Amino acid sequence: MVDTSSKSSHYRGRFAPSPTGPLHFGSLVTAVGSYLDARSHHGEWLVRIEDLDPPREVPGAARDILVLLEKLGMAWDGEVIYQSRRHDLYRAALSELEKQQLTYACVCSRKEIADSSLVGISGPIYPGTCREGIKGSLQPDKDIKRSALRIRADQRAVAFNDRLQGFLSHHIASDIGDFILHRSDGVFAYQLAVVVDDAQQNITHVVRGADLLDSTPRQMYLQQLLGYPTPVYLHLPIVTNEKGEKLSKQTFAAPVAQINVLSQLVAALDFLGQNPPKGLQDCNLEAFWQWAIQHWNPDSIPLSGVSTGFMT
Ligand code: GLU
């Protein structure tokens, strides 16, 4: 049943939730998809808590996510990794890029950028104001402290074949622009941290939501500059509510409940096009996972999600 083209002798996958709130049905789908893909390849499945951005974090959310995964019968391999404890690794990767003169400090405000930018695939393309050094009547010490760090985007095209979404190619300079690696408030950017962690944890396969599809060429660009390998990617359809909005904290998605876990797991499997047989929710967790791993077929995952009234 498993797509053998993506089968590797050693598979290491991961689930990387941001602890900005409890898991909702959309994040459950990602957890289930990444777990089944790893287990059906006899691979490892790691959990990484992406707590990079303290103001967005909800106290206790990381612990609640782990407790819920255990309740769902989803056992991870090894220690859970927390991004908040890995700043030294991100700093080292930044130094490596700095050494290659691939980064520069930027003091432009969002408004300045919005006022003078073309819009690219992921928002405004930075117009390059600070590329050749911070200009004007600035106080260097103070401004360096409140500056962001950007990568110099070059003209290369970064292309890949997603296992579900197919071929995608971005010209980093003209489609994306010089993107941020370290924010002016001191927070490391997701794009940098995820690349460092996937490489450092030897992740071979990434299964995550299609909202991150457009981030992948940026991540591959950083992998190329840092000399890291590129994992195989599969971007799952996104779960939306009746209004067509992605389930999230901002759209008030309901948390996955700790009761009736089997019916929620069956709904996730159904969303992923796996055609669970009637009665699967009446069995136990062990039998559920056994069926789901044995029958996991990535070719049956629909390209785009259908709105679901379930758990929204
Ligand atoms: N932390 C991200 C999220 O919760 C996922 C990042 C990834 O899988 O690369 O949306």
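Read-outs: derived from the displayed coordinates by stated rules, not from any lab. No experiment lies behind these values; they were computed from the predicted model shown. Cβ placement follows ideal geometry from the backbone for every residue including glycine, while neighbour counts extend to all protein chains displayed.
Below, the figures for the structure above:
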item: Loop GluC sites (Glu not before Pro), the stretch 216-294 (other Cβ atoms within 10 Å of the site Cβ: 13 or fewer; DSSP); result: Glu242
item: Amide H within-cut-off set for Leu23, under 5 Å, with H built and near neighbours excluded; result: Val256
item: Where GluC sites (Glu not before Pro) fall in DSSP loop in the stretch 70-177, at most 16 other Cβ within 10 Å; result: Glu79, Glu132
item: Percent of C-alpha pairs per 10 Å bin, the chain, short to long; result: 6, 25, 33, 23, 10, 3, 0, 0
item: Within the chain, percent of DSSP bridges classed antiparallel, to nearest 5; result: 60
item: The chain - mean residue ellipticity at 222 nm from DSSP helices (-39,500 (n - 2.57) per run, n ≥ 4, rounded to 500); result: -9000 deg cm²/dmol
item: Amide H within-cut-off set for Val232, under 5 Å, with H built and near neighbours excluded; result: His205, Val206
item: Mean separation of Cα contacts under 8 Å (6+ apart) over length of the chain, as relative contact order %; result: 24
item: Gained length - His42 relative to His87, 0.36 nm times residue gap less alpha-carbon distance; result: 13.1 nm
item: Phi-based couplings in Hz for the stretch 168-177 (Karplus 6.51, -1.76, 1.60; Gly and Pro marked x); result: 9, 9, 10, 7, 4, 5, 8, 8, 10, x
item: Between helix 261-271 and the chain: long-axis angle, C-alpha atoms, 0 to 90°, nearest 10; result: 70
item: The stretch 74-86 - phi-based ³J(HN,Hα) in whole Hz, Karplus 6.51/-1.76/1.60, Gly and Pro as x; result: 9, 8, 9, 9, x, 7, 6, 9, 10, 5, 5, 9, 10
item: Amide H contacts under 5 Å for Asp51, placed H, 5+ residues apart; result: Gln83, Ser84
item: Separation of the Cys283 and Val119 label points, Cα + 7 Å toward Cβ, nm; result: 4.8
item: Degrees separating the helix 87-99 axis from the principal Cα axis of the chain, which is the longest one; result: 50
item: Calculated from backbone phi, Karplus (6.51, -1.76, 1.60) coupling profile of the stretch 179-188 in Hz, x at Gly/Pro; result: 9, 7, 10, 9, 6, 5, 8, x, 8, 5
item: Taking the stretch 178-235 and dividing mean pair separation by its residue count, relative contact order in percent (alpha carbons under 8 Å, at least six apart); result: 37
item: Spatial separation of Cα centroids for the stretch 23-71 and the stretch 235-271, in angstrom; result: 14
item: Where a label projected 7 Å from the Cα of Glu242 along Cα→Cβ would reach, residues of the stretch 277-308 with amide N under 20 Å; result: 305-308
